[in-house]
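Notes follow the structure.
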Amino acid sequence: MLKRYLIFIILLATCHCCRADNIAINNFEVKDNPFGNNQIAVVAIDSLKNTQNNVNGQFAFTINGFEQELTFNKGVAFYSPKIDKSIFLYLRHVNDNGSHGNLYYVYKYDDKLSPIHISWLVLLGVPLFLILLAYMFKRFIIIAIIIFVIIFYFNHHSGLSISTFFESILDGLRNIF
């Protein structure tokens, strides 16, 4: 009887110790793909911006509203569609720890791509600053409206819709709390 209890305890302890570690992508960034022309790479990073080499397999991302399965190998996945012009890219990944989204402006010059991370603070701060200036200086209202129209046209022409704009701001606010 004592042997059975001992074997049961040993089996229970080994089952507890042998669980697989759950791999999750909590932070990521977009970089220029050095192997593909006009393509980008998504890199899984930790909080210190080091590449997570243990991330392997397929992970679901939403890129500009479209579901995309990205295959990670040693923390790097390649986004296969070619980028012909400068555009906004909104990448979102949902896992057990929550939702993680980043907005990038991918600037194309010559045959190089330069991704620029756009913080939700900038998205919220620029319109609020223009509204504050228009409120303080009544003569600035017409100029502020013209600047709003130019920003709206540039964003819409480069692929940033109003829903993506507000979704990026809400993700940033959600990550604060």
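Say the dipole of region 22-117 comes from +1 at the beta carbon of Lys and Arg and -1 at that of Asp and Glu; which of Asn26, Asn102, Phe66 then lies farthest toward its positive end?
Final value for the positive-end residue is Asn102.
For region 22-117, what does the alpha-carbon gyration tensor say about shape, rounded, prolate or oblate, given a ≥ b ≥ c as the root eigenvalues, a/c under 1.5 as rounded, and a/b over b/c as prolate?
In terms of gyration-tensor shape, prolate.
In the structure shown, do any of Lys74/Lys112; Lys82/Lys108; Lys49/Lys82 have a Cα-Cα gap over 20 Å, and if so which?
Lys74/Lys112; Lys49/Lys82, as the Cα separations exceed 20 Å there.
Could you list which residues have their amide H under 5 Å from that of Leu160, counting only those 5 or more apart in sequence or on another chain, with H placed in the peptide plane?
Close amide H contacts, sequence-distant or interchain: Phe88.
Report relative contact order for the chain in percent, whole number only (criteria: Cα-Cα under 8 Å, sequence separation at least 6).
16 percent
Is region 119-177 rounded, prolate or oblate when judged by the Cα gyration tensor, a ≥ b ≥ c being the square roots of its eigenvalues, rounded requiring a/c under 1.5 and prolate requiring a/b larger than b/c?
oblate
What residues qualify as long-range amide H neighbours of Gln52, i.e. H under 5 Å apart, gap of 5 or more or another chain, H built at 1.01 Å from N?
Long-range HN contacts for Gln52: Ala44, Ile45, Asp46.
Could you derive backbone 3J(HN,Hα) for region 88-102 from the dihedral phi with the Karplus parameters 6.51, -1.76 and 1.60 (θ = phi - 60°), listing whole Hz in sequence and x where the residue is Gly or Pro?
For region 88-102, the Karplus-derived couplings read 8, 10, 10, 9, 9, 10, 10, 9, 5, 7, x, 9, 10, x, 9 Hz, x marking Gly and Pro.
Calculate one ³J(HN,Hα) per residue across region 53-64 by plugging θ = phi - 60° into the Karplus curve 6.51 cos²θ - 1.76 cosθ + 1.60, and present them in order as whole Hz with x for glycine and proline.
Residue by residue, region 53-64 yields 6, 8, 8, 9, x, 9, 10, 8, 10, 10, 10, 6 Hz.
Amide H to amide H under 5 Å from Tyr107: which residues, 5+ apart in sequence or cross-chain, H placed 1.01 Å off N in plane?
Ser114, Ile116
Shape call for region 60-177 from the C-alpha gyration tensor, a ≥ b ≥ c root eigenvalues: rounded (a/c under 1.5), prolate (a/b greater than b/c) or oblate?
oblate
Between the helical axis of 2-17 and the dominant principal axis of the chain, each derived from Cα atoms, what acute angle in degrees is found, rounded to the nearest 10?
So the inclination is approximately 20 degrees.
Residue by residue through region 112-117, what is 3J(HN,Hα) from phi via Karplus (6.51 cos²θ - 1.76 cosθ + 1.60, θ = phi - 60°)? Round to whole Hz and write x for glycine and proline.
These are the phi-based 3J(HN,Hα) values: 10, 10, 10, x, 10, 6 Hz.
So if I place +1 on the C-beta of Lys and Arg and -1 on the C-beta of Asp and Glu, and nothing else carries charge, what would the dipole magnitude of the chain be about its Cα centre? I want it in debye, nearest 20.
Using Cβ point charges on Lys, Arg, Asp and Glu, the chain gives about 300 debye.
Angle check, please: helix 141-157 long axis (alpha carbons) against the longest principal axis of the chain (alpha carbons), in degrees 0 to 90, nearest 10.
The two axes meet at around 50 degrees.
Calculate how steeply helix 120-136 sits against the longest principal axis of the alpha-carbon atoms of the chain, using the helix alpha-carbon long axis, and give the answer as 0 to 90 degrees to the nearest 10.
Relative to the chain, helix 120-136 is tipped by roughly 30 degrees.
Coordinate-derived values only; no laboratory data. Here the structure is a predicted model, which means the values were calculated and not measured. Cβ coordinates were reconstructed from backbone atoms using ideal geometry, including for glycine residues, and neighbour counts include every protein chain displayed.
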